[in-house]
Structures are given as C-alpha cells and as structure tokens.
Amino acid sequence: MDGRKIRALARPAPITASLSAAQLTDMLRLGVELGGGRRGGLATAVSREDWVLIKVSVQKCGCDAAFHPGTVTDPRLVASVLGYLVERGLGRRFSIVEGAPWKAAGTADSIWDSNWNGNFDGLTYRSVVQEMSNKHRSLRFELLDLNTAPSLEMPVNGRVFASRNPKGMYHVPRVLRECDKVISIAPLSTRASTDIGLSILNYLGFSPADAYGEGKQRLPASGEPGEISVDMFSFHPADYSIVGGTFAAESDGSSGGSTRMRRHNVLIAGTNAPAVDAVGAAVMGFDSTKIRHLDLAVRHGYGVNDAYSIWTRGVEIDEVKAEFRKPTAGEVR
C-alpha cells in the first residue's frame, strides 16, 4: 500500500454473491485504476493506434454437460475492458482470440455464439463484438479462432523450457507476432499438472489445432503444459493481465476431469503477468513460489513469483484468500 485513499466500489457485494454486469464493470475499473502502480497500467500499456489481442480462456464447451462458468472468461468482463479502452481513445483494432481444445469454428456450439447457458446474462462473445462495432464504426472489432488462423513454425525467443522440445520450435499464430499488444483475461482456476491456470497458462490457447490436432493431442510431445506455456509466452509476453472476476473453477485432477464451480468475487490486474498470477495463486491458497511454471517465468526474467513480496494496492491477499481444492493428478489442457 502507498497510503493513498482508495475509492470504494459503487455497488459493494459479498465475496460469494452473484454480480451484475454493472458491478463487474465497476470492479474491473477499480482494479485497473489500482493496478496502474509504478509501472503504469492499462491506460499506458495500450496506445492510440494499437492492434490489441484480447486472449480469453475457454476450457469447456458450453454444450458440455460438465460445463460451468468458472471455466470461461466472462464476456461481460471482456466488454468492460473494451469499453474502458475505447472511452480513452486507446487502440484501433481489437481481436478477441482463443484456440479452444477443440475446433469450435463451424460447430453447433461455437465459443463465439454460445450464451453459456445464460450464466453471463446471456451475453456471447459475438454479441460483444457486434455491439462495439455498431457503436464505434471507425474502429475494428473481430473474433479470431486461433485453431485455424494462419501460423508460422518458429523458434522460441531466448531460453527454451519445454523438456521434449530442445530446439524450441513451435507453430505460432501469425497474429501473436504481428499484433501490437496482448491482454490476457482468465478466470481464477486450478489445473491438474500445473496447479493453477491464469494468465500464463492462458497462452496454451495460442497453439493451433491445425498444427497440434483438434484436441491438441500432439502438443504434449513438446513438454509439460507449464513449460510450453512459458515458451509460448516468450513470443509476445502479455502487456496486461487480468485474472478473476466472479466465477472460478476448481479441478480435482481426476481422469474424468471433475471440476466444480465456486463464486469468488476477486479481480487481480497488472502489467506483469507472473506477478498477477502469483497473487492469484496466493488468493486460491497456493504457495506461489512452488508453482513450477511461474518459477520458469522468473528464470526467463519476466517477473517475480513471490506473492507476498509484490507491491499491491486494494485489499490484502489474506483478506480475500480462499482454500481452493487442489488438483491431485495430471491432465493436459
């Protein structure tokens, strides 16, 4: 804390309460305001002419019987981020992107058209883009399926961590290399084999199904999920990261993929993804210094992973900390 007075939320609610879109927007804007800090924040991370990729996380298909909203980036949160940027004249092209672990394009339950069983007030990613496009015709808003987007086979920038990929060669969507900025938005979630999901694990979605198979079944040939995510992160580290919101997911790591939802109204935002993820890990009850892929990110020089050494503003970690169910076995996203 730096001693400055922090404004209160306009519509405060208990940490486990259901949140409206307006409450979520207010939480996002306060989080972004507090996340400015010494390095600057979202308002300085994006410039007026930038092409911005907004990387969402979709771990479950909306038609899946096991689906729950903690496995998907809330479209209302995406709409709030776009609104924040557009109001400030930041960015000229905005692409909402994901490469879900199945080829969603053209299916009956496209990730862009699913209303996620009404859990996000019936909002879809496509409706977010359509509304923004209608309101701001001089700007470009679009949806891009990373599974089928043009890609290049390229070597990792700098140190390679994937144990089974010593040459560090990956198929990478061209948009990741060509865009100006990347904003990673992911719910609080636990994952088998990596303990946590969040910003850096969100980069696994940049692996195209056209290269790695519809279920990404060829991706493990490169290494463990945490190793691969840090390698992918190196192609264009996130310029801004947001984790949390209202819905969260807890995986037990079982072979059946048992995952349960919980409400945990916490949002963590900042310009340094490893730091954001470290705080997110601590909020979920993990020792952030023992998360292997965060340690790899530190070794690469991307940030720090000791949550309690990170300068934060807002509530203290222990005030919103919860003991999320810990995964017990391995699985690959």
Problem set entry | Which numbered condition Leu85 misses (of (1) over 19 Å from Leu139 (Cα atoms); (2) at pLDDT 85 or above; (3) within 21 Å of the chain's Cα centre (by Cα)) | (1)
Exercise. Out of the residues in the range 8-47 that are of a type in the set (Lys, Arg) and over 21 Å from the mean Cα position of the chain (by Cα), which is modelled with the highest pLDDT?
Worked result: Arg11
For this session: Taking the options Ala66, Ala100, name whichever one is part of a loop (DSSP other than H, G, I, E, B), surrounded by fewer than 18 Cβ atoms within 10 Å (Cβ to Cβ), at pLDDT below 95 and touching a strand residue (DSSP E or B) at 6+ places or on another chain (Cβ under 8 Å).
Result: Ala66
For this session: Taking only the range 284-311 into account, find how many residues are assigned to a helix (DSSP H, G or I), over 19 Å from Gly158 (Cβ atoms), in contact (Cβ under 8 Å) with a residue 24 or more places away in the chain and touching a helix residue (DSSP H, G or I) at 6+ places or on another chain (Cβ under 6 Å).
Result: 1
Exercise. Is the range 175-189 home to any residue that is in contact with a Lys or Arg (Cβ under 8 Å, 6 or more places away or on another chain), closer than 15 Å to Glu98 by Cβ, of a type in the set (S, T, N, Q) and not in a loop (DSSP other than H, G, I, E, B)?
Worked result: yes
Seminar exercise, completed: Ile111 fails exactly one of (1) of a type in the set (Val, Ile, Thr); (2) at pLDDT 95 or above; (3) over 16 Å from Ile242 (Cβ atoms), namely (2)
Problem set entry | Top-ranked residue in the range 136-145 [being outside any strand (DSSP E or B) and either touching a Lys or Arg at 6+ places or on another chain (Cβ under 9 Å) or touching a residue at least 24 places away in the same chain (Cβ under 8 Å) (or both); ranked as surrounded by the fewest Cβ atoms within 10 Å (Cβ to Cβ)] | Ser138
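Based on this model, can you work out whether Arg325 counts as of a type in the set (D, E, K, R), buried (at least 16 other Cβ atoms within 10 Å of the Cβ) and not in a loop (DSSP other than H, G, I, E, B)?
Judged against the criteria, Arg325 is not a match.
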Exercise. Any idea how many residues of the range 69-82 are assigned to a helix (DSSP H, G or I) and modelled with pLDDT of 95 or more?
Worked result: 8
Seminar exercise, completed: Selection from the range 225-255 of residues assigned to a loop (DSSP other than H, G, I, E, B) and touching a helix residue (DSSP H, G or I) at 6+ places or on another chain (Cβ under 8 Å) yields Phe235, His236, Pro237, Ala238, Asp239
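The values are calculated or read from the model by the stated rules, or taken from the named source; none is laboratory data. Keep in mind that what you see is a predicted model, and the values were worked out from it rather than measured. Note that each Cβ is placed from the backbone with ideal geometry, even for glycine, and that neighbours are counted across all protein chains shown.
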